[in-house]
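So the structure is just underneath, and the comments pick up after that.
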Amino acid sequence: MTAPIRYTLAPDVLAQFPGYCRGIVWVRGARNSASVPALTALLREAEAEARRRVTGNVAEHPRIAAWREAYRRFGAKPSEHRSAIEALLRRVLKPDDLPAINRLVDIGTLVSVRHLLPAGVHPIPAGGAGLELRHAREGDRFLPAGADAAEAPAPGEVVFTSGAEVLTRRWTWRQAAGTQTLPETTDVFFNVDGLLPCSRAEVEAAMADVAALVREHAGGDVTSVVLDAQTPEAFLA
């Protein structure tokens with residue numbers, strides 16, 4: 001039996017960003033592999049729909065503007081460090097076809113583009129270490145992919161952590177080395193983030209989409225929970 005993993009949203013982050021919620025879709029025993037044509041076809045459809053929905057200045061779209069304002073509030077420059085959903089949407093609108101990676105990563109990308117929400121996927125960490133979305137503090141370390149030396153995030157930056165190890169800098173901006181979902185990865189969790197004006201119901205709809213796609217294309221045991229100011233903590237097995 002695997003020990004439950006404590007997953008927490010820090011009170012100071014929730015106080016700084018009222019109305020924020022994070023949906024978590026927890027998957028164990030998935031059959032991940034190289035991309036499959038069915039998911040790639042759905043991704044192409046989602047890209048085409050996003051190009052119809054999003055016109056004008058991307059930065060002014062309500063879903064993107066919310067993230068840009070959040071980044072400013074914790075000291076990041078959104079023009080230099082774009083949220084995951086802004087970076088993804090800008091690629092779609094170039095227009096570029098997003099790359100297919102593997103089943104689980106493709107599901108995260110597809111749901112992000114469909115719902116215009118960050119939907120990142122991480123391997124479940126070994127050892128049962130707790131997970132927390134919080135402000136960075138002294139002693140935190142982030143190792144970028146391909147780098148030899150770790151970085152120290154600035155105090156106050158919103159980071160996703162396992163102890164002092166920063167898994168994602170700037171909330172949704174960039175994942176650390178060793179947190180990529182590979183074809184052999186079977187146990188993962190998806191983070192689906194909603195900042196106002198995005199509602200909890202819209203986050204739950206994106207979570208349901210993740211769960212349905214995982215069950216259809218990768219299998220495994222799937223559970224979901226939403227964390228917010230009323231329920232800032234869960235234990236995930």
Considering only segment 176-237, give the strands (runs of 3 or more DSSP E) lying wholly within it that have at least 2 residues that are of a type in the set (A, V, I, L, M, F, W, C) and surrounded by fewer than 19 Cβ atoms within 10 Å (Cβ to Cβ).
-> 221-227, 233-236
Can we say Ala59 is more than 22 Å from Met207 (Cα to Cα), part of a helix (DSSP H, G or I) and among the small types (Gly, Ala, Ser)?
-> yes
Report whether or not Leu116 is at positive phi and buried (at least 17 other Cβ atoms within 10 Å of the Cβ).
-> yes
Of the listed residues (Ala59, Ala87), the one being surrounded by fewer than 17 Cβ atoms within 10 Å (Cβ to Cβ), among the aliphatic types (A, V, I, L, M) and over 17 Å from the mean Cα position of the chain (by Cα) is Ala59
Identify all residues within segment 120-146 that are open to solvent by less than 40 Å² (accessible area, probe 1.4 Å), farther than 19 Å from Phe189 by Cβ and at pLDDT below 95; write none if there are none.
-> Pro144
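Got a sec? Which of Arg51, Arg68, Arg22 is under 23 Å from Gly156 (Cβ atoms), assigned to a helix (DSSP H, G or I) and touching a helix residue (DSSP H, G or I) at 6+ places or on another chain (Cβ under 9 Å)? Give the steps one after another, and end with the answer.
Numbers: Arg51 fails: under 23 Å from Gly156 (Cβ atoms); Arg22 fails: assigned to a helix (DSSP H, G or I).
It is Arg68.
The values are calculated or read from the model by the stated rules, or taken from the named source; none is laboratory data. All of these numbers come straight from a predicted model, not from anything done at the bench. Virtual Cβ from ideal backbone geometry, glycine too; neighbours counted across all protein chains shown. These accessible areas exclude ligands, DNA and RNA; they are computed on the full protein's heavy atoms, side chains included. Shrake-Rupley method; radii C 1.70, N 1.55, O 1.52, S 1.80 Å.
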